[in-house]
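The values are calculated or read from the model by the stated rules, or taken from the named source; none is laboratory data. As the structure is a computational prediction, the values presented were derived from the model and not from experiment. Counting neighbours? That spans all protein chains shown, and the Cβs are built from the backbone with ideal geometry, glycine included. In case anyone asks, the SASA skips ligands and DNA or RNA and just uses the protein heavy atoms, side chains included. Shrake-Rupley method; radii C 1.70, N 1.55, O 1.52, S 1.80 Å.
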Amino acid sequence: MAVSTVGPTGLSSAVGQLGKNLIQNGKFEVNQRGSTTVAAGAAGYGPDRWSVLSGATAAYTLTSDTSVPAGQGFLNSFKVDITTADSSISSGENYYVEHRIEGSDCRHLMLGTANAKTVTLQFWARSQVTGIHCVSLQNNASNRSYPFEYTIATADTWEYFTETIALDTGGTWLTTTGIGLRVRWSLGAGSSYQGTGDTWEAARDDCTSNQVNAVASTGQFGLAGVQLEVGSATDFENEPVSVSLAKAQRYFKRFSGAAALVLSGTCRSTTAASVNANIGPMRAAPTGSVSAAAWSNVVDDSDSGRDSNNTPSWTTNADGGVSTSVTVASGLTDGNGVVVEGKASQYAQFSAEL
């Protein structure tokens, strides 16, 4: 891929541009959480940087799948496996897949000003249901939206879509570390979330009234090769997976397996120790959690280790500092140095998701 050139009018559109894709992990190769489930009425995350919302009834399993459009060079897609259906969506319900772009990454789009840019969204999609589906671009508050339609012609078959959109010249759009732009694929929504297609509206409109109910029965919805860029559609940007991972870890980091996360500190009693580490900078001070109370092995200067037995309360900052207290049943020596290591079957994770 060629590096873009800069001329009197800015970036040349005649050559490939590194970093042109505003969508992160649009190839779905980064999936730190693995397979996840989302219950009815809940929200959750699939492959990194991709989230879903379920209305009152339907439920999902989310995976990075190996089914991909043929001949495009993709290895993975995002599969939303609808495990519990909702055959009758009420007016206040909605179901969707969403990608959230940080405000600092879309400042150059000039959203909400007279100089707002034109962008093109391209993606591959497959659905168990044929007919009209919708995507909506929205601001952080979801009080400005632009829904548009695309049509699935054949069930369970990869199809390519592209849409060029003149961005909003009104409304309030964040340009800091909050949500600058939402890109939302509707799977079905009630009348409260339906609006007019191909126009900016001062409302939360996820779709038009033509949107099919893609969760009416058990089955699948999938996305692959998603790209959002300034101007017209160009070839998909195949960035290295190491770059995709680094971008994703600004928002979420999971440390899985033996010694994937190592903290050090001091024993404060025979049963407790204070420890800390630096996990690298993130978008904001992350929220830490662990898979189980016995997520780690606690080793002080005078022993071979013992299981932790508490779910820690983490203190964190955006620069990557994390600290906590761990407890064990007994056996530590007050004042000794201590090391806390993650265990093979467990994980600790830190989220600064938008």
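Just one residue in the set Ser77, Ser54, Ser104 is touching an Asp or Glu at 6+ places or on another chain (Cβ under 8 Å), of a type outside the set (Val, Ile, Thr) and open to solvent by less than 60 Å² (accessible area, probe 1.4 Å); that residue is Ser77.
Tell me yes or no: at least one residue of the range 119-127 is of a type outside the set (A, V, I, L, M, F, W, C) and either open to solvent by 30 Å² or more (accessible area, probe 1.4 Å) or without any contact (Cβ under 8 Å) to a residue 60 or more places away in the chain (or both). Within the range 119-127, not a single residue is of a type outside the set (A, V, I, L, M, F, W, C) and either open to solvent by 30 Å² or more (accessible area, probe 1.4 Å) or without any contact (Cβ under 8 Å) to a residue 60 or more places away in the chain (or both).
In the range 128-136, is there at least one residue being open to solvent by less than 60 Å² (accessible area, probe 1.4 Å) and within 18 Å of the chain's Cα centre (by Cα)?
Taking the range 128-136 and keeping what is open to solvent by less than 60 Å² (accessible area, probe 1.4 Å), we get 128-129, 131-136.
Then drop every residue that is not within 18 Å of the chain's Cα centre (by Cα), which leaves 135-136.
Among the residues of the range 128-136, at least one is open to solvent by less than 60 Å² (accessible area, probe 1.4 Å) and within 18 Å of the chain's Cα centre (by Cα), which makes the answer yes.
Of the residues making up the range 176-201, those that are under 28 Å from Tyr251 (Cα atoms) and surrounded by fewer than 24 Cβ atoms within 10 Å (Cβ to Cβ) number 7.
Across the range 137-155, the qualifying residues are those that are open to solvent by 40 Å² or more (accessible area, probe 1.4 Å) and in contact with a strand residue (DSSP E or B) (Cβ under 6 Å, 6 or more places away or on another chain), and the one among them that is farthest from Tyr193 (Cα to Cα) is Thr151. Of all residues in the range 283-294, exactly one satisfies the criterion of being in contact with a strand residue (DSSP E or B) (Cβ under 6 Å, 6 or more places away or on another chain) and more than 29 Å from Arg100 (Cα to Cα), namely Ala294. The set of residues from the range 173-193 being over 27 Å from Ala40 (Cα atoms) and β-branched (Val, Ile, Thr) comprises Thr175, Thr176, Thr177. Across the range 159-173, the number of residues qualifying as closer than 14 Å to Ala116 by Cα, open to solvent by less than 60 Å² (accessible area, probe 1.4 Å) and either under 23 Å from the mean Cα position of the chain (by Cα) or among the hydroxyl-bearing types (Ser, Thr, Tyr) (or both) comes to 3. For the range 202-240, taking the residues that are of a type in the set (Val, Ile, Thr) and farther than 29 Å from Ala85 by Cα, the one that is most open to solvent (accessible area, probe 1.4 Å) is identified as Val230.
If you check Ser64 against the conditions, is it open to solvent by 10 Å² or more (accessible area, probe 1.4 Å), over 30 Å from Gly170 (Cβ atoms) and out of contact with any strand residue (DSSP E or B) (no Cβ under 9 Å at 6 or more places or on another chain)? Spell out the reasoning first.
On the way: open to solvent by 10 Å² or more (accessible area, probe 1.4 Å): yes; over 30 Å from Gly170 (Cβ atoms): yes; out of contact with any strand residue (DSSP E or B) (no Cβ under 9 Å at 6 or more places or on another chain): no.
The answer is no for Ser64.
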